[in-house]
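**Q** Sharing a structure here in structure tokens format.
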Amino acid sequence: MCAPIESNTSAPPSPYRRAELPAPIPMSAPRASAPFETRPVEFPGDATAVGGRETRIGLMLPLRSQTLGAPAEALRAGFMAAYEHEREGFIVNLVDTGDSLQENLNAYAAAVEQNDIMVGPLARPAVSALAASALVRKPTIALNHPVALPSAAALPAQMLVIGLSIEDEARQVATWAGTEHPGGTALIIAGSSAWQRRIAASFAARWKQLGYSSQMLVVADSNGYLSEASLGQLSAQLDAAQPALLFTALDASQAGQVRGALGPELPIYGTSSVNPGTFAGAGADPGAVLTELNGLRLLDLPWEVDSAHPAVMAYPRWSGATARTLDMDRLYALGIDAFRVAREIALRPGADINLDGVTGRLSVRFGNGPARFERIEPAAVYEGGAFTLVPERR
């Protein structure tokens, strides 16, 4: 989800323009601060946007990347679906890049001269390089987090980070579980992958911050299957610890194995990583319902668990040519909200923004001091291939 778009509806060719690259920009250039700026540009055609002209958005994606090209296509499709839904007063200029950090900086430097708002980059190293440069002097919406996430105050004032974060999900799950089991002990089950250990650590840190205790068990796996020894060790630790709940930093198949071995009695929580994606409209195989996961409590985007959400119903589902996985579907949804956030920033510069998006309930502060972004995802219970939303506790 913290990784990293062909439009699936028709659009006039004029909104897509490609940027020319300038001479190389030194990557070691110090960052310079600048006030909020939307630089006047001469536009052809009728002026329909705020200030008597159209607003140009530069969408910067690694479409030529060997590894991120397909995710970038999914994200572009979502961005353009949202643009075509509310396109009046806006032009989208596509900035097509590869993997090179220098190329990304060069492309940004050229595009920022021709656009009022930049959206991108997508790759974490590219976001880090841009954040450390002196180039960010117009509103820039980064689609991922820097490699080493600094505090908001350490980012350029004109940079807003809106990437999906499974670590944020883990912290939100801890808060949710804490309201349902105040004071209880949590048993955290993590797989051996680095991302699984990261979300386990994020849950544990938030659980401790709430004043509660937890124990962690890292289980061994082979090609996604948990060993009999690991499941036996888990059963023994469960008997000894008597926890109030389980938090599974696992994938859906592994969570199903845990549930099958332990039974359904103990409440089990997880992030979007345990979403089996087997409900109508998710873009996954509807025949692969994991009955072992019935009763599983998890967080995910409204796009994946709330088909009746007004914003979710407003946009077409992704129909990309590449394999349609849940992660690709989430990037498509991120593209939708990226355009919506850019649009709100253009229409309401300096104002606080609250948006009920397809990736969650979004809160944005931009243009008055350090940028701030928060995404709250809905809680849901999985049952027989569908989800029931859990009312939010405020």
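The values are calculated or read from the model by the stated rules, or taken from the named source; none is laboratory data. Predicted, not measured: the structure shown is a model, and the values here were computed from it. In this analysis, Cβ positions are derived from the backbone assuming ideal geometry, glycine residues included, and neighbour counts consider all displayed protein chains.
**Q** Are any residues in region 49-77 closer than 20 Å to L347 by Cβ and buried (at least 22 other Cβ atoms within 10 Å of the Cβ), and if so, which ones? Before you say what the answer is, go through the steps one by one.
**A** Restricting attention to region 49-77, the residues satisfying the condition of being closer than 20 Å to L347 by Cβ are 49-59.
Answer for region 49-77, where residues must be closer than 20 Å to L347 by Cβ and buried (at least 22 other Cβ atoms within 10 Å of the Cβ): E54, T55, R56, I57, G58, L59.
**Q** Moving to a separate point now. In region 321-365, which residues are of a type in the set (V, I, T) and either outside any helix (DSSP H, G or I) or on the phi > 0 side of the Ramachandran plot (or both)? Walk me through how you get there before you give the answer.
**A** Our first condition is that a residue be of a type in the set (V, I, T); within region 321-365, this holds for 322, 325, 336, 341, 345, 353, 358-359, 364.
Passing the criteria: T322, T325, I353, V358, T359, V364.
**Q** Right, another one. Tally time: how many residues in region 151-197 are out of contact with any Leu (no Cβ under 8 Å at 6 or more places or on another chain), under 16 Å from Q254 (Cβ atoms) and either crowded, with 23+ Cβ neighbours inside 10 Å or of a type outside the set (S, T, Y) (or both)?
**A** Counting residues in region 151-197 that are out of contact with any Leu (no Cβ under 8 Å at 6 or more places or on another chain), under 16 Å from Q254 (Cβ atoms) and either crowded, with 23+ Cβ neighbours inside 10 Å or of a type outside the set (S, T, Y) (or both) gives 5.
**Q** Looking only at region 163-207, count how many residues are assigned to a loop (DSSP other than H, G, I, E, B) and β-branched (V, I, T).
**A** Within region 163-207, residues that are assigned to a loop (DSSP other than H, G, I, E, B) and β-branched (V, I, T) number 1.
**Q** Examine region 356-366 for a residue that is of a type in the set (D, E) and within 30 Å of Q66 (Cβ to Cβ), and state whether such a residue exists. Give the steps one after another, and end with the answer.
**A** Step one: of region 356-366, the residues of a type in the set (D, E) are 356.
From what is left, the residues that are within 30 Å of Q66 (Cβ to Cβ) are none.
Looking through region 356-366, none of the residues is of a type in the set (D, E) and within 30 Å of Q66 (Cβ to Cβ).
**Q** Here are the criteria: (1) out of contact with any strand residue (DSSP E or B) (no Cβ under 6 Å at 6 or more places or on another chain); (2) modelled with pLDDT of 95 or more; (3) under 20 Å from P370 (Cα atoms). Tell me which single one V119 does not satisfy.
**A** (1)
**Q** Answer yes or no as to whether D116 is farther than 21 Å from G320 by Cα and buried (at least 21 other Cβ atoms within 10 Å of the Cβ). Even if it seems obvious, please write down each step before you answer.
**A** Numbers: farther than 21 Å from G320 by Cα: yes; buried (at least 21 other Cβ atoms within 10 Å of the Cβ): yes.
When the stated conditions are applied, D116 passes them.
**Q** Another question, if that's okay. Among the residues that make up region 128-135, is at least one of them of a type in the set (G, A, S), touching a Leu at 6+ places or on another chain (Cβ under 7 Å), over 29 Å from G369 (Cβ atoms) and not in a strand (DSSP E or B)?
**A** Looking through region 128-135, none of the residues is of a type in the set (G, A, S), touching a Leu at 6+ places or on another chain (Cβ under 7 Å), over 29 Å from G369 (Cβ atoms) and not in a strand (DSSP E or B).
**Q** Looking at A81, A70 in this structure, which one is at negative phi, modelled with pLDDT under 95 and within 24 Å of the chain's Cα centre (by Cα)? If you could, list the steps in order and put the result at the bottom.
**A** Values: A81 fails: modelled with pLDDT under 95.
Sole residue among the options that is at negative phi, modelled with pLDDT under 95 and within 24 Å of the chain's Cα centre (by Cα): A70.
**Q** Got at least one residue in region 366-377 being among the aromatic types (F, W, Y), assigned to a strand (DSSP E or B), in contact with a Pro (Cβ under 8 Å, 6 or more places away or on another chain) and not assigned by TED's automatic domain parsing to the domain that holds A154? Can you show your working first?
**A** Of all residues in region 366-377, those among the aromatic types (F, W, Y) come to 366, 373.
Still in the list and also assigned to a strand (DSSP E or B): 373.
Then keep just the ones that are in contact with a Pro (Cβ under 8 Å, 6 or more places away or on another chain); that gives none.
No, there is no match, as no residue in region 366-377 is among the aromatic types (F, W, Y), assigned to a strand (DSSP E or B), in contact with a Pro (Cβ under 8 Å, 6 or more places away or on another chain) and not assigned by TED's automatic domain parsing to the domain that holds A154.
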